[in-house]
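Enquirer: Here it is, the structure, as structure tokens.
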Amino acid sequence: MSLSNKTVVVIGGSSGFGNATARAAAELGATLILTGRDAGKLEGVVREFTEAGFTASGTVMDAADDASVDAFFTGIAGFDHLVSMAGGFMGGGFLSADFATIHRAVEEKLFANLRIARAAAPKIAPGGGSMTFTAGSGGRPQNASGAIIGNDAIRTMVRGLAVELAPKARANAVSPTWTETPLWRGMSAADVTATKKHFAETIPLGRTAEIAEVSGAYLFLMQNGFITGQTIAIDGGVDLVG
Ligand SMILES: NC(=O)c1ccc[n+]([C@@H]2O[C@H](COP(=O)([O-])OP(=O)(O)OC[C@H]3O[C@@H](n4cnc5c(N)ncnc54)[C@H](OP(=O)(O)O)[C@@H]3O)[C@@H](O)[C@H]2O)c1
């Protein structure tokens, strides 16, 4: 399935995996609708894409807010494919992390994406559209409690959405493990290097992912019209060990 003349919504298109996915989709001819919370960052990315000759627009939207999500989807005519990067990260177990931290992680991952799926579903154009969400691999319940619940919930959500959307459209997820992206902007450079080394030693393939290896999975899921309800791990095999 070609992306030429298709409209692709990227929730979180201003940074990291979303930004790389947006650029790759635009290079294949897609028209982009990008979102993010930070207006300045989003504006900069839309300008950069437009100057590169791509067709792109940006709307500030916070996936944690019902009104913001509803206003965004009410304001667009429709789309062919959507990818969502909504979600964050957290550390700590079910007993060791704060209750509020666990609650926030589940909200940011499951409920933000569920909110997006429900508002987006009526706007999918006929003719083989899709929604692709983002889970995560490599954490363990005892050190990433809320994140694991959220990631498992995304795997379950896309299975349900796949059946509910069929035959009109498809739903899938990508599950990356620790990757050097701007998500870690709050960490010192030394901590990023140490974390990258730790994951490279843990991941069976002996390194962390390149951003393009992860964004390639979203492109694959958009373009293969016979895959639905699946979560593809782009994790170097990390969940097979440990
Ligand atoms: N990088 C990793 O190591 C890793 C590993 C496993 C899973 N993941 C998952 O991959 C996804 C993307 O991560 P990334 O590494 O690409 O992070 P990133 O570079 O920080 O990009 C996240 C993007 O999503 C937007 N965003 C974040 N929260 C949002 C919200 N509530 N509403 C609307 N937009 C929002 C951000 O823009 P604003 O900041 O302007 O809102 C930004 O454009 C996340 O779901 C994360 O949990 C990442």
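The values are calculated or read from the model by the stated rules, or taken from the named source; none is laboratory data. These figures come from a predicted structure and were not determined experimentally. All Cβ positions, glycine included, derive from the backbone under ideal geometry; neighbour counts span all protein chains shown.
Yes/no matrix, rows are residues, columns are (1) part of a loop (DSSP other than H, G, I, E, B); (2) in contact (Cβ under 8 Å) with a residue 60 or more places away in the chain:
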{"residue": "64", "(1), (2)": "yes, no"}
{"residue": "73", "(1), (2)": "no, no"}
{"residue": "87", "(1), (2)": "yes, yes"}
{"residue": "109", "(1), (2)": "no, no"}
{"residue": "139", "(1), (2)": "yes, no"}
{"residue": "142", "(1), (2)": "yes, no"}
{"residue": "148", "(1), (2)": "no, no"}
{"residue": "154", "(1), (2)": "no, yes"}
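Enquirer: Hey, another quick one. What are the pairs, 6+ residues apart or on separate chains, where a residue within region 91-105 that is closer than 11 Å to residue 141 by Cα has its Cβ under 8 Å from a residue that is of a type in the set (D, E, K, R)?
Expert: The qualifying pairs are 92/98.
Enquirer: Next question. I need the full set of residues from region 173-187 which are more than 6 Å from the ligand (Cβ to nearest atom), crowded, with 18+ Cβ neighbours inside 10 Å and not hydroxyl-bearing (Ser, Thr, Tyr), in order please.
Expert: 173, 174
Enquirer: Assess whether residue 118 counts as being within 14 Å of the ligand (Cβ to nearest atom), on the phi < 0 side of the Ramachandran plot, surrounded by fewer than 22 Cβ atoms within 10 Å (Cβ to Cβ) and without any contact (Cβ under 8 Å) to a residue 60 or more places away in the chain.
Expert: Here the answer is no, as residue 118 does not meet what is asked.
Enquirer: Which number in (1) surrounded by 14 or more Cβ atoms within 10 Å (Cβ to Cβ); (2) modelled with pLDDT of 95 or more marks the one condition that residue 89 misses?
Expert: Among (1) surrounded by 14 or more Cβ atoms within 10 Å (Cβ to Cβ); (2) modelled with pLDDT of 95 or more, residue 89 violates only (2).
Enquirer: While we're looking at this one, here's another question. So in region 125-157, with the set limited to residues that are over 20 Å from residue 231 (Cα atoms) and touching a strand residue (DSSP E or B) at 6+ places or on another chain (Cβ under 8 Å), which one is nearest to the ligand (Cβ to nearest atom)?
Expert: Per the criteria, the residue is 143.
Enquirer: If you don't mind, there's one more thing I want to ask. Can you tell me which of (1) of a type in the set (A, V, I, L, M); (2) away from the ligand (no atom under 13 Å from the Cβ); (3) touching a helix residue (DSSP H, G or I) at 6+ places or on another chain (Cβ under 8 Å) is the one residue 166 doesn't meet?
Expert: (3)
Enquirer: Give me the pairs, please: first residue somewhere in region 175-196 and without any contact (Cβ under 8 Å) to a residue 12 or more places away in the chain, second residue anywhere and more than 7 Å from the ligand (Cβ to nearest atom), beta-carbon distance under 6 Å, and either six or more positions apart or on two chains.
Expert: 184/192
Enquirer: Right, something else. Determine which member of the set 42, 82, 34 is touching a residue at least 60 places away in the same chain (Cβ under 8 Å) and within 21 Å of residue 211 (Cβ to Cβ).
Expert: 82
Enquirer: Sticking with this one: Report, by residue number, each residue of region 1-16 that is part of a loop (DSSP other than H, G, I, E, B) and among the hydrophobic types (A, V, I, L, M, F, W, C).
Expert: 1, 3
Enquirer: Identify all residues within region 26-59 that are part of a helix (DSSP H, G or I), small (Gly, Ala, Ser) and within 15 Å of the ligand (Cβ to nearest atom); write none if there are none.
Expert: 39, 40, 44
Enquirer: Given the residues 5, 19, which is the only one that is more than 22 Å from residue 66 (Cα to Cα), buried (at least 21 other Cβ atoms within 10 Å of the Cβ) and of a type outside the set (A, V, I, L, M, F, W, C)?
Expert: It is 19.
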